[in-house]
Structure formats: C-alpha cells, structure tokens
Amino acid sequence: MPFKHGVVNLVVLLTSIPFIGSFHSPAPSHQRFGSLRPPLLLHSSLSPPPDLLSSLPTEQQEMVAAMRNPDLSARDFAEESTTMLLTTDKGWELPLVYDAAYLGQFFDKKPLAVAKRVAQIATGLAPVLSGALSNLLTGKSGAEADKVTAGALRDSLTSLGPFFIKLGQAMSIRPDIISPTSMRELQRLCDKVPSFPSAEAFAILEAELGKPVGDVFEDISPEPIAAASLGQVYKATVRGTGEEVAVKIQRPGVLETVSLDLFIFRKFGSIFKGGLNVVALLDEFAFRFMEELDYEKECANGIAIKKQMSNLPNIKIPGCFPALTTRRVHTAEWCEGEKLSQSNANDITELVNLGVLAYLSMLLNHGNFHADPHPGNMLRSPEGELIILDFGLMTQVSESARFGMVDAIVHLVNRDYKEIGQDFINLEFIPEGTDVRPIVPALTKVFDAALAGGGAKSINFQELAADLAEITFAYVPRARGEGKEVEGGFDDDI
C-alpha cells in the first residue's frame, strides 16, 4: 500500500472513531476485534449534524457540500449527446485476469489497433487541455472556471470508457487533490454514464445464460434502469419464483478496451521519470480492476458480505443469485431506495454513521476491504435501512495487517510516534530493514498539528496530505521498493 494513502486512511479512521481514544495499549491479538457496536457520537464528514456543519470553516463546508452534491439531477444516465468509445474489435484472445506480459506481447503485434486507440484518447482529452490552457493564458480562475474545466474532463472521461471513468471516480472523492466544484462534476461519473442498446444487452444475456430471456425471466424492463461504467441494470422478475431482481449486464467490448488501455498506459508509464513507479502502481490497480470485470467474483463477494453483516442492525445487503450469474451477467435481489447522498430524510446522519461502522466491520472483523464506496453504492430504503451495493472491487486484508492498523491507530492516539515507524514496516508501507528514525520527527510535527484538538473538523486534510507527501518523497522508497537508501533516509532525487 502506498505510504501516503495508507497513513491518510489511518488518520481518517482515527478521527472518525471517538471511542478508539479510550485505548491506551494494544490488547492481546485475540481480544482486539469483537463485535463492533455503533458509538452514540460517531459522525461522518459526509453528513455532519447541522450545528457541526455551521461551525466548520467555509472551505470545509464546501467540501461537505461537494460530497453530498445536491446539484446532481435525478437522471440515472449521461446526457443523450454523450457516447462511449469502446473498441469494436472481436475475437481477441485476451486473459480474464491481468497479465502484463501477455498483453504486451499481444498488443505489440497490433500497432493499428493501438494507434487508433491512442488517437481516440488524444482527441477525447484535447478539449480539456485546450480549455485549461485557455484559462491559464487568460487568467480565468475560481469556481466557475473549475466547473467548466471539470465538466469538460467528465465528458471526456465518460467518452473514453471504463478505465478513464474509474480514474475520474477516484478523483471525485479526493478533496486533497481537486476543488469542491470539480468534485461535484466528477461525481456524475459514479452513476451517470451512457447506456448501450438493449438489443445488444439482451443478446449478451441470452448468450451468457444459454437460454432465451423469456425462459429465465417472466418480465424484464425494456430499457435499463441505470447505467454504470462497466454495465447497465434492468429490473426483472424470475420465472417460477416471482422474485424481483436487478440484472446487471456488462457492456460489449469492455474487456478488449480495458486491456488495450492498460497496455497503452503501461507503455507510457515505463518512460515516465518521476518520483513514483507508475508501472508498479498501474499493475496494482489493473489487477483489481480486471477482477471487477468478473461478475462471478462479485456474486461470491456479495454472498460472503451478506453473511458477515447479518449481525449489524438496519443494514441490508442484496441477496445474490449464483445460478443466474456469469462472468458478464450479475443477478441480485432488487432493492428499492434513494441514494444516501441525495436523501433529505432526518435519519441520514445515523445511516452514515452506520455505514462507517459497516465498512470498519468488513475491514477489521472480516478482512474485506471495500474499495469502491462511492455515493452511488449506498441507498436508503423506504423502511430506513442502509442498503450497500456493488462488491466487485474488493480485496482481502491479512490478519496481521488488521492488527497492525489497530496498533498504528493506538500509537497515533497516544502520540507514540517512535512505534509508528515500526507499524509502517509491519503494514508493509515501507520495506523491512528501513531505518525509520529519520521519519519520527517529521511524523511528530505532522500529527501533533493534525491531532491538536477539535476532532475531524479541525483537520485540514489538504495540508495533511501535502505534509505526508513531503515525508513520502523525502524518506520513503518508491512504489515496489524503488529508491536508493542514503544516510538519514532515502534520496528524494531518485
């Protein structure tokens, strides 16, 4: 896990869980994880109580508003004028799991396909680059300029397909990287993307299930209910049982386009000479992203999570239908609800608190890290339940890593920074054998300032991320162990 992101996540955990402050020393490993119970005063920055919201600085109020994003329309699709450019090449024998060497050999033999896609990417991003350059030359800045630029970027990423949409989604929840105005625009990528023709979708459905649609479902909506980066969803009724289900069908050409994009970016990444090992980071991302294309894995994850979350009250995990699921078709229980980020119900704060608890329970109790918790994946049911969707992008966290997280949080709470250096080694943020002594003074300065008092509302996460970045580049080797050890740490010129 990259050092900077890992530490930021630990701080977010720390500032989100008031009861963790009651710990004074790490408990024995068999006592550390019990049944997590909702703390009465747990609050999230996504939906703070009104009095807390009004007490925040203006910049942080804007960040909270961006996370809630009241400007989103009720439409579940992109504007009609937006189209997604996916490769139409058929018959490519591509691996279903990420294999960089195979993709390199495969696409090196297809220069025309590569050139065509590079031209699409360049054409798609050209309006964004020209707009940003125009703003720079004319001196335009502020919220309105940000909105126009981010809107153009959103449309460009949408048109270029799933790989680019995922990048935009990741940026849309990072207030330490982009402005609140830009966050609002990019959050449309979470569930407002173009649909594809239902005739193509039903052809894929029949090919995957091996039966006519009418033999499997009594009825199915003629058009999709919603569309996402990888596929689109139809509401259907299972023949014979009458169960209402959501049927997600993968877009045609997704595997081919994603594989080609990963190859291209890996090629460009290999010539990038910066502070990060771009290829290593891309390989890590690509491995998980390719797993998300396999809906059978998502089904298995959903079944496991439903069982694990059964002890938490007021949480609903849709049931899955393995017999009606394949690599490109996913069938799950239909759940009525409104997006949590768009709801005006008076229990939203409690549901957000419950969501934080659920994700912590997944991680700390069961070792399942949900890597895609964007606002489109959380709903409020008419009965006031929290519905959590989409378990396609997940990873397992080892027991030792979970214990390491708790140790690190306890050491942060107690400001025992000498031990945090070793925690980072235990968590594999930095390699075994690294001299962590030079890191301790920097961590002391950063976290003493961040934890000076006032809880999460007093922390400027933008400044915190910048300070952690300085530590990363000054002391910590690059991704996958790249870097040269020098006296006092690591050479930041490498």
Criterion (farther than 26 Å from Phe265 by Cα and touching a helix residue (DSSP H, G or I) at 6+ places or on another chain (Cβ under 7 Å)) met by exactly one of Ala132, Ala150, Ala145: Ala145
From Glu338, Glu298, Glu284, residue being surrounded by 19 or more Cβ atoms within 10 Å (Cβ to Cβ) and among the acidic types (Asp, Glu): Glu298
Spot the failing condition for Lys116; the list is (1) at pLDDT 90 or above; (2) crowded, with 18+ Cβ neighbours inside 10 Å, and only one is missed. (2)
Name every residue in segment 235-255 that is surrounded by 15 or more Cβ atoms within 10 Å (Cβ to Cβ) and on the phi > 0 side of the Ramachandran plot, in order of residue number. Gly253
Report yes if Arg239 is touching a helix residue (DSSP H, G or I) at 6+ places or on another chain (Cβ under 8 Å), at pLDDT 95 or above and among the charged types (D, E, K, R), otherwise no. yes
Quick one: Glu428 ticks every box in (1) part of a helix (DSSP H, G or I); (2) among the charged types (D, E, K, R); (3) within 28 Å of the chain's Cα centre (by Cα) bar one, so which box is it? (1)
Taking the criterion of being surrounded by fewer than 22 Cβ atoms within 10 Å (Cβ to Cβ) and outside any helix (DSSP H, G or I), would at least one residue in segment 256-268 satisfy it? no
Residue that is more than 20 Å from the chain's Cα centre (by Cα) and basic (Lys, Arg), where the choices are Lys316, Lys339: Lys316
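The values are calculated or read from the model by the stated rules, or taken from the named source; none is laboratory data. Note that the structure is predicted; figures quoted are calculated from it, not measured. Virtual Cβ from ideal backbone geometry, glycine too; neighbours counted across all protein chains shown.
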